[in-house]
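To start, the structure itself, in structure tokens.
The values are calculated or read from the model by the stated rules, or taken from the named source; none is laboratory data. Since this is a predicted model, take the numbers as computed values, not measurements. Methodologically, a virtual Cβ is constructed for each residue, glycine included, from the backbone with ideal geometry; neighbour enumeration extends over all protein chains shown.
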């Protein structure tokens, strides 16, 4: 390890979308940042993500939805800023997500959701079956759909590249290494140990997704579990406008001429393999939405999402160790919440406070 990376102000453990967003935000605030990334794991969540921005679609609690809406709207500034500084187009697209109903119970639930969201002042519509067929001709006949016109998607791999490139442009350095353990003295973070030695840091940000739990000497158990999501791609139907379609926990969306679809939710530890059974499951679910999708995908892959028991991420300070911060456990909402998580961590490491209400994301909620 070269001498010049033996210390930094902010060390970010994890170089996926969340880690890169945190590194960029801290670097933007003028701090000396080191991003430790062991190299892209084929099963990391960021590269595997569909990139859906769907705070009005996912069944979540109102706290998480409020954060999601704020995070989604942040992309309106973030996307052009990244394009201008890095030349990378993150593919921000907000033409709406349609959640389809195929049975009366689901139709009623979605109608209620539309009413509830409209009452909360959000744009949300109920599309009758005929309107769904007219607007999205390749979709399966359904009983109607909840349509969230401001939800959308980004190209997740492009977002990861852009955040990393912008972090570097602002002076952040990257080191291709895993972080083995945290080092502390008298209740204060002092840095980390990596295979090549020690790095001193005033602030350590744990942002390694499902791998956050593998970092030793953390002051608490992080209840973050890897949950495998298998995904596939096939050609997008020619007669169909670009849209994100949802049903239950399955989705199909258009990205660069492809239909991207998924995803399984499998508790298999750190096994990032694609399985025949998993592919059959996601193809069947995708064909429920788009009947003419081919039975054999053009390509398949899988990612390990970091899931917490209550579905909310762990973001904020450790209550017992000063200078230790968490940005992990984002589950299915990592891409959506990335920009906002970066801002929160950037504020915390540079000023000690954030104006975003994060009490419900506190790490101690699982231990107290």
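In the set 245, 289, which member is buried (at least 22 other Cβ atoms within 10 Å of the Cβ), modelled with pLDDT of 95 or more and in contact with a helix residue (DSSP H, G or I) (Cβ under 8 Å, 6 or more places away or on another chain)?
Values: 289 fails: in contact with a helix residue (DSSP H, G or I) (Cβ under 8 Å, 6 or more places away or on another chain).
Step by step, each of 245, 289 is checked, and only 245 is buried (at least 22 other Cβ atoms within 10 Å of the Cβ), modelled with pLDDT of 95 or more and in contact with a helix residue (DSSP H, G or I) (Cβ under 8 Å, 6 or more places away or on another chain).
Scan the stretch 123-137 and give yes if some residue there is on the phi < 0 side of the Ramachandran plot, in a loop (DSSP other than H, G, I, E, B), in contact with a strand residue (DSSP E or B) (Cβ under 9 Å, 6 or more places away or on another chain) and crowded, with 16+ Cβ neighbours inside 10 Å, otherwise no.
Quick first cut of the stretch 123-137, residues on the phi < 0 side of the Ramachandran plot only: 123-137.
With the extra rule that they be in a loop (DSSP other than H, G, I, E, B), the set shrinks to 123-124, 128, 136-137.
Applying the additional criterion that residues be in contact with a strand residue (DSSP E or B) (Cβ under 9 Å, 6 or more places away or on another chain) yields 123-124, 128, 136.
Still in the list and also crowded, with 16+ Cβ neighbours inside 10 Å: 124, 136.
Yes: the stretch 123-137 contains one or more residues that are on the phi < 0 side of the Ramachandran plot, in a loop (DSSP other than H, G, I, E, B), in contact with a strand residue (DSSP E or B) (Cβ under 9 Å, 6 or more places away or on another chain) and crowded, with 16+ Cβ neighbours inside 10 Å.
Consider residue 191 carefully, then state whether it is at positive phi, at pLDDT 95 or above, buried (at least 21 other Cβ atoms within 10 Å of the Cβ) and out of contact with any helix residue (DSSP H, G or I) (no Cβ under 6 Å at 6 or more places or on another chain). Spell out the reasoning first.
Numbers: at positive phi: yes; at pLDDT 95 or above: yes; buried (at least 21 other Cβ atoms within 10 Å of the Cβ): yes; out of contact with any helix residue (DSSP H, G or I) (no Cβ under 6 Å at 6 or more places or on another chain): yes.
Considered against the rule, which asks whether it is at positive phi, at pLDDT 95 or above, buried (at least 21 other Cβ atoms within 10 Å of the Cβ) and out of contact with any helix residue (DSSP H, G or I) (no Cβ under 6 Å at 6 or more places or on another chain), residue 191 comes out as yes.
I'd like the full set of residues that are touching a residue at least 60 places away in the same chain (Cβ under 8 Å) and under 16 Å from residue 306 (Cβ atoms), limited to the stretch 220-270.
Selection gives 220, 221, 222, 223, 224, 225, 226, 227, 228, 229, 263, 270.
Within the stretch 292-319, restricting attention to residues that are assigned to a loop (DSSP other than H, G, I, E, B) and in contact with a strand residue (DSSP E or B) (Cβ under 6 Å, 6 or more places away or on another chain), which residue is surrounded by the most Cβ atoms within 10 Å (Cβ to Cβ)? Break it down stepwise before answering.
Residues of the stretch 292-319 assigned to a loop (DSSP other than H, G, I, E, B): 292-298, 308-313, 318-319.
With the extra rule that they be in contact with a strand residue (DSSP E or B) (Cβ under 6 Å, 6 or more places away or on another chain), the set shrinks to 293-294, 297-298, 318.
Working: 293: 21, 294: 13, 297: 21, 298: 11, 318: 23.
Ranking the candidates gives 318 first.
Considering only residues that are in contact with a helix residue (DSSP H, G or I) (Cβ under 7 Å, 6 or more places away or on another chain) and at positive phi, look in the stretch 309-368 and name the one that is modelled with the lowest pLDDT.
311
Any idea which of (1) surrounded by fewer than 16 Cβ atoms within 10 Å (Cβ to Cβ); (2) at pLDDT below 95; (3) outside any helix (DSSP H, G or I) is the one residue 63 doesn't satisfy?
Among (1) surrounded by fewer than 16 Cβ atoms within 10 Å (Cβ to Cβ); (2) at pLDDT below 95; (3) outside any helix (DSSP H, G or I), the lone unmet condition for residue 63 is (3).
If you check residue 71 against the conditions, is it assigned to a helix (DSSP H, G or I), farther than 20 Å from residue 250 by Cα and free of Cβ contacts under 8 Å to residues at least 12 places away in the same chain? Walk me through it before giving the result.
Details: assigned to a helix (DSSP H, G or I): yes; farther than 20 Å from residue 250 by Cα: yes; free of Cβ contacts under 8 Å to residues at least 12 places away in the same chain: no.
The answer is no for residue 71.
Which of the residues spanning the stretch 148-161 are assigned to a strand (DSSP E or B) and either surrounded by fewer than 24 Cβ atoms within 10 Å (Cβ to Cβ) or touching a helix residue (DSSP H, G or I) at 6+ places or on another chain (Cβ under 7 Å) (or both)? Before the answer, list the steps.
Looking only at the stretch 148-161, we keep the residues that are assigned to a strand (DSSP E or B), and these are 148, 152-153.
Matches in the stretch 148-161: 152 only.
Can you tell me which of (1) out of contact with any helix residue (DSSP H, G or I) (no Cβ under 6 Å at 6 or more places or on another chain); (2) surrounded by fewer than 20 Cβ atoms within 10 Å (Cβ to Cβ); (3) in contact (Cβ under 8 Å) with a residue 24 or more places away in the chain is the one residue 11 doesn't meet?
(2)
I'm trying to understand the selection: among the residues of the stretch 248-285, which are in a strand (DSSP E or B) and either at pLDDT below 95 or under 21 Å from residue 157 (Cβ atoms) (or both)? If you could, list the steps in order and put the result at the bottom.
Going through the stretch 248-285, the residues in a strand (DSSP E or B) turn out to be 250-255, 258-262, 266.
Of everything in the stretch 248-285, those that are in a strand (DSSP E or B) and either at pLDDT below 95 or under 21 Å from residue 157 (Cβ atoms) (or both) turn out to be 250, 251, 252, 253, 254, 255, 258, 259, 260, 261, 262.
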